[in-house]
C-alpha cells in the first residue's frame, strides 16, 4: 500500500466551553480527490485550520508522507507542502498574476532588480501545467473570481505543495466555471496529486470526489469512505444524522391568525427574485437552504439594510417601504438575530447591560432625554435572568461570556425591545447542547406568546423540530414550501428534494 | 499600454491638468513659461518632489507619516549647524544629516512594527520630539553660516534654466521608480500595503518591510531639508512646518490609494508640478501664496472622492 | 467617569488600579515635587496661570475626545477653533453685538464646521484622517482670506475680565468652565441615549446599525460636538489673551493637535473607539499642563518642551499597552 500523503489521526481540539473536535481522522491518498463534508458547526473549519497550521491540535497526530509533523504556524505548513486555497482570496490585487504566483521567490539584488522575464516564464509554466490561458502580466484585480482562484491553485503548485486543500471553491463560481475548475482538478489527480475538497454542494462532491470523510458534531460520521456506492441520501444522512429526539409537538394550524410579515413577488438589489413568503402571528416559519442560498441576505433586505427593487413588503397587512434598520426596528417592530454574533450581533467590548439595552435606550429615556442605568436594568435585568444567562453581573464584558451565553444576550436585546416579528439566523451555531435546547424552547415560547418568527437555519433537525412551515431557498429563489409534519425522515427527504430541484 | 487604456492611467489626469493649466496661465501671463520662471518652478518642485516621495513610500505601505516635516527640519538644522559650528565640509555634514534622518525613520518604523501602535500616534509623538529638538538646539534662531558652495547648489542653474537642485530630485524620482517597480524591497512594500495578510502568508516580513519604508522616508525627508537649506541659504528651524498637506496632496493627486498598495511615481511628480504651478499662478494673480494650502485641501477632497469611486468599482462585486 | 458601570465592591479595587487613579497620583506627586523644588510653582499667580492654560488644554482635549470615541480623528480642531474665534471677534468688533449673542454664534460656527466634516466623512466613507486633513487647510485658509489675517482686539471688556477673574487668589473660572463641560460630557455618555449610541457606534458600527442605531447621524453629531467644543476652547483662549488672533492655534491650527491627543490618550480613551473616560481626559490634559509648567519653572527652556511632550505621548501609549496586556493576563473581569 502506498504511503498516504496526509494522515490525520486521533485529533482533539477544544476551545473554552466548546469541544470542537474529538478523535477525528482522515487519510489522503496520492492521486485522489477527498471530500470533507459536514454542516455548520460540525468542526470542518477547525480541522482545516489544524491542517493549515493556524491551530495546533490538543491531542492526535498529523503525518505527511509518513513523517510526523507539527506546524507552528501557517508558514510552517506551507513550507512542509500544505497548499491551501481559502474562501477569501489571498492575492495582492494590484500585482500581476505572475508576481502573485512568484511572490515568495522574488529575488534580485540591488543592481539587477527583479528578473520579471524569469518570473513570468515561471508563472507561465505553472499555468500551462493546469492548461490555463491566462496572461501572466494582467493585474489580478482584473480577473474574475474564478480565474483568481485558479491563479491561487497555480501558486500552490509552484510551492511544490503535496496536499492541495480547497475550501468551498465553487461558492462564487458559475456552473461553467466550476467545470473548468474540475477539469484542472482531474488533471492534477491524474498526475498523482492529493486534493482535499471541502464543499457544501453535494452533487459536485459526488461528481468529482473519490472518497469522503464526513464530520458531525466534532466527530467522524464516516472516514475515507469510497464515493462509489454512496447515493446522495447516504451523504445527507451522514451529515445531519439523527442525534436529537424530535419532541412530539402536535402541528399547530394558524390559518386564523393575522399575517404579520409578508413578501409578495419581492426582488432585491442583492439578486433575489419573486420571493413569496409570509409569517403569521404565533407561527414559526423555517427558511431552509444550504450556505450561499441567499437567506441571510433576504433577512437583511427585510430589515432595511439593502434595497427591495420589486414586489411588496407588508407588515401587519400594510405595504411598507423600510428605508433603514432603525425604522424597521423602532417603527415596525422587526428584529434580527444575526448569524455572526461576534461581528454583527454583539458589541463584544461592551457590557451585558449595554448590549441588551441598545434597542430600548431611546424608548426608555424620560423627561429631559435622560436615561439612568437603573431604568435600563429594570427593563433588561429580568430578561437576562429569565434567559438564565450565566454572568457574574450585568457589567460583565460580553466578550468574556461563553458562546451560548453570548447568543442569549444577543436574543435578549430583541426581547427587551418587544419586537413582534423576529428573524433568527442560525441561532444555535457554536452553542453548547444545553443552550441549544434552551433556545429552541425559547423560540417556541415566543411564538406561543404571539411573535412571528422566521427561522433561518441549515440545521435540519432544528428546522423540523421548530418550524410550522418550511420554506426552501436555493440560489436566491424560493424553491418550495412545505407544511411540517414533524416526522423526520419524510420531511428531510422532501426538503432536500426541493433544494436539488434547481440543480443544473 | 493600449491607447484606449491611457485615460485610466494614474498620470493621465494630472498630465492633462498640467498641460491645460500651462496654457491658461500663459494666456494670462506670457512670462509664465520664460526660462527664469521655469527655473523658479523647478527649484520649488525639486524640493517638494522629495517631500512628496517621502510620504508616498509610507502611503504605499498603507500607513501615514506625520513626522516628515519635523525630521526634515531637524536634519536641516543639523546640516547647517555642523557646517557652521564645527566647520564640517558640506558632503560630510550632508551624510550625517541624512544618516540622522534615516535613523529617525527607523525609530518610527521600529516602534510601529514592534508595538502595533498606529502609525498616526507614533509619528505624532515623533513629530513633537524632533520638532522640539529642532527648536531646542537652535533656540528658534537660524544658522546663517552656510558655505557659498551649498548656497550655489541650492540656487544656481546647471544647463539652461535647469537648476542643480533638480539633480538630486531627479535621482530620487528615478530611484523611487526603480525601487517600487523593480526591486524586491519596493515590491514588498506595495504587497504589504495591498494585502498585508496575503503578503505575510507569502513569507514577506511585515516588520522588516516597515523598517525599510520608514527608514527611506526619514532619509528622503532629511534630503529635502538639506536641499532647502541650500535654496533658502540658511539653516531655518521652521523648515518642514508646512510640508504636511503638500506631502499628502501630491501623491493623492497622482492617484495613490490611501489604504496602501498602489502609488504612482510619475503621478506624484505631476502632482508636485501642479502644486508648483498653482503657487505660481496665485502669485501672478496677486493672491497671497498662502492660499495654496486651501487649494490643496480642496484638491485632496476632490481626488480622494474620485479615487474612492474608482476603487469601489475595482473591488465591487468581486469576492 | 468611565461609561461602563462599576457595580460590585471588587470594582473599587479595580478603580484603585485604574488609569484615573494613577493620573491623580501622578498629578499630586509632581505638584508636591514642583512646589518644594522651585520657588515659583506654588505661587498664587503661577497656579492661576497654570489653571487657565490647563482649562484650555482640557477643552481642546475634549474636542478631540468626542471624535476618538467614534474611532476616528479630527485634525481640524485647531482650524475650527480659530474660525470660531475670528467669527466671534468679527461679530463683536464689527457689529458690536452683545456677548449673549456672539458666544452662542461662535459655538454654532464651530458646530457647523464640524457638521461639514461629519457629512463629508459619512457620505464618502473615507477615513476621517484625510478628510479632516483637507478641511483643516480649507477652513483655515478661507478664514484667513475673509479676515485678511487681521486680529480683532477691540472686544467686549467683559470677556477679558472673565478671564482675569480670580477666586481665592488662584482659581480661574476657566477651570470651572472646563469642569462643567466635563460633567456635561460625562452625563452625555452615561445618561443619554445619544451618548450611549455614540459609544456603541464607535465600538462596532455594524452591530450598532443592526441594532437600530442611526450610525451615520450619530457620527455627524459627534463631529458637530467636536466643533462646538473647539469653539469653547477658542473663546477661552480669547478670554485669556483679550484678542481674537488668526494664528492662535498656529499655522492651519496645527499647534492644537498635540494637546488634543495627549489628554484623551493619557486618560485612557482608546483610539479604536467605543470607550471613553472623560475624567481621564481631564486629568490627562491637566497633568500635561502641570508638567509643562513645572518644566518651565525649572528653566528647562521652552524650546525643548515639545520634545518632552512627544516623549510623554510615546510613554503614555506604551505604558497603556503594557497595562492592558497585564489586565488581560490577570483577568480584570471576574
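The values are calculated or read from the model by the stated rules, or taken from the named source; none is laboratory data. Owing to the predicted nature of the structure, the values given are computational and were not obtained by experimental measurement. Here the Cβ positions follow ideal geometry from the backbone for every residue, glycine too, while neighbour counts run over all protein chains shown.
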Check: Residues that are under 30 Å from residue A:295 (Cβ atoms), away from chain C (no Cβ under 12 Å) and at pLDDT 90 or above: which helices (runs of 4 or more DSSP H) entirely in region A:333-411 hold 1 or more of them?
Finding: A:373-386
Check: Can residue B:71 be described as in contact with a strand residue (DSSP E or B) (Cβ under 8 Å, 6 or more places away or on another chain), crowded, with 24+ Cβ neighbours inside 10 Å, within 14 Å of another protein chain (Cβ to nearest Cβ) and not in a loop (DSSP other than H, G, I, E, B)?
Finding: no
Check: Name the residues in region B:150-195 that are outside any helix (DSSP H, G or I) and more than 16 Å from residue B:53 (Cα to Cα), would you?
Finding: B:156, B:157, B:158, B:159, B:160, B:161, B:162, B:163, B:164, B:183, B:195
Check: Would region B:259-266 turn up any residue that is under 27 Å from residue C:247 (Cα atoms) and not in a loop (DSSP other than H, G, I, E, B)?
Finding: no
Next item on the list: Considering each of A:138, A:132, A:150 in turn, give the residue that is surrounded by fewer than 23 Cβ atoms within 10 Å (Cβ to Cβ) and either outside the structural domain of residue A:30 (by TED's automatic domain parsing) or under 25 Å from residue B:310 (Cα atoms) (or both).
Entry: A:138
Next item on the list: Quickly run through region B:259-299 and pick out the residues that are surrounded by fewer than 24 Cβ atoms within 10 Å (Cβ to Cβ), within 12 Å of chain C (Cβ to nearest Cβ) and either at positive phi or within 15 Å of the chain's Cα centre (by Cα) (or both).
Entry: B:260
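Could you tell me whether any residue of region A:95-107 is touching a strand residue (DSSP E or B) at 6+ places or on another chain (Cβ under 7 Å), farther than 30 Å from residue A:6 by Cα, within 11 Å of chain B (Cβ to nearest Cβ) and modelled with pLDDT of 90 or more?
The answer is yes, given that some residue of region A:95-107 is touching a strand residue (DSSP E or B) at 6+ places or on another chain (Cβ under 7 Å), farther than 30 Å from residue A:6 by Cα, within 11 Å of chain B (Cβ to nearest Cβ) and modelled with pLDDT of 90 or more.
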Note to self: Show me the strands (runs of 3 or more DSSP E) found entirely inside region A:16-126 where at least 3 residues are in contact (Cβ under 8 Å) with a residue 40 or more places away in the chain and either within 22 Å of the chain's Cα centre (by Cα) or buried (at least 20 other Cβ atoms within 10 Å of the Cβ) (or both).
What the structure shows: A:18-28, A:32-37, A:82-85
Check: Of all residues in region C:189-213, which are buried (at least 22 other Cβ atoms within 10 Å of the Cβ) and not in a helix (DSSP H, G or I)?
Finding: C:204, C:211, C:212, C:213
Check: Restricting attention to region B:112-129, which residues are more than 8 Å from chain C (Cβ to nearest Cβ) and touching a residue at least 60 places away in the same chain (Cβ under 8 Å)?
Finding: B:112, B:113, B:114, B:119
Note to self: Condition first: crowded, with 18+ Cβ neighbours inside 10 Å, more than 22 Å from residue C:220 (Cα to Cα), in contact (Cβ under 8 Å) with a residue 12 or more places away in the chain and more than 14 Å from chain B (Cβ to nearest Cβ). Can you find one or more residues in region C:58-76 that meet it?
What the structure shows: yes
Next item on the list: Would you mind telling me which numbered condition in (1) over 15 Å from residue B:75 (Cβ atoms); (2) under 14 Å from the mean Cα position of the chain (by Cα); (3) assigned to a helix (DSSP H, G or I); (4) within 14 Å of chain A (Cβ to nearest Cβ) residue B:256 fails?
Entry: (3)
Check: Do we find a residue being in a helix (DSSP H, G or I) and surrounded by fewer than 24 Cβ atoms within 10 Å (Cβ to Cβ) anywhere in region C:82-91?
Finding: yes
Item checked: Filter pass, residue C:145 being surrounded by fewer than 16 Cβ atoms within 10 Å (Cβ to Cβ), within 14 Å of chain B (Cβ to nearest Cβ) and over 22 Å from the mean Cα position of the chain (by Cα) -> yes
Check: Of all residues in region C:167-188 being surrounded by fewer than 15 Cβ atoms within 10 Å (Cβ to Cβ) and at pLDDT below 90, which is nearest to the other protein chains (Cβ to nearest Cβ)?
Finding: C:167
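Looking only at region C:60-76, which residues are under 21 Å from residue C:199 (Cβ atoms) and under 9 Å from the mean Cα position of the chain (by Cα)?
Within region C:60-76, C:61, C:62, C:63, C:64, C:65, C:66 meet the criteria.
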Checklist line | Failed criterion for residue C:222 (all others in (1) touching a helix residue (DSSP H, G or I) at 6+ places or on another chain (Cβ under 6 Å); (2) within 11 Å of chain A (Cβ to nearest Cβ); (3) in a helix (DSSP H, G or I) hold) | finding: (2)
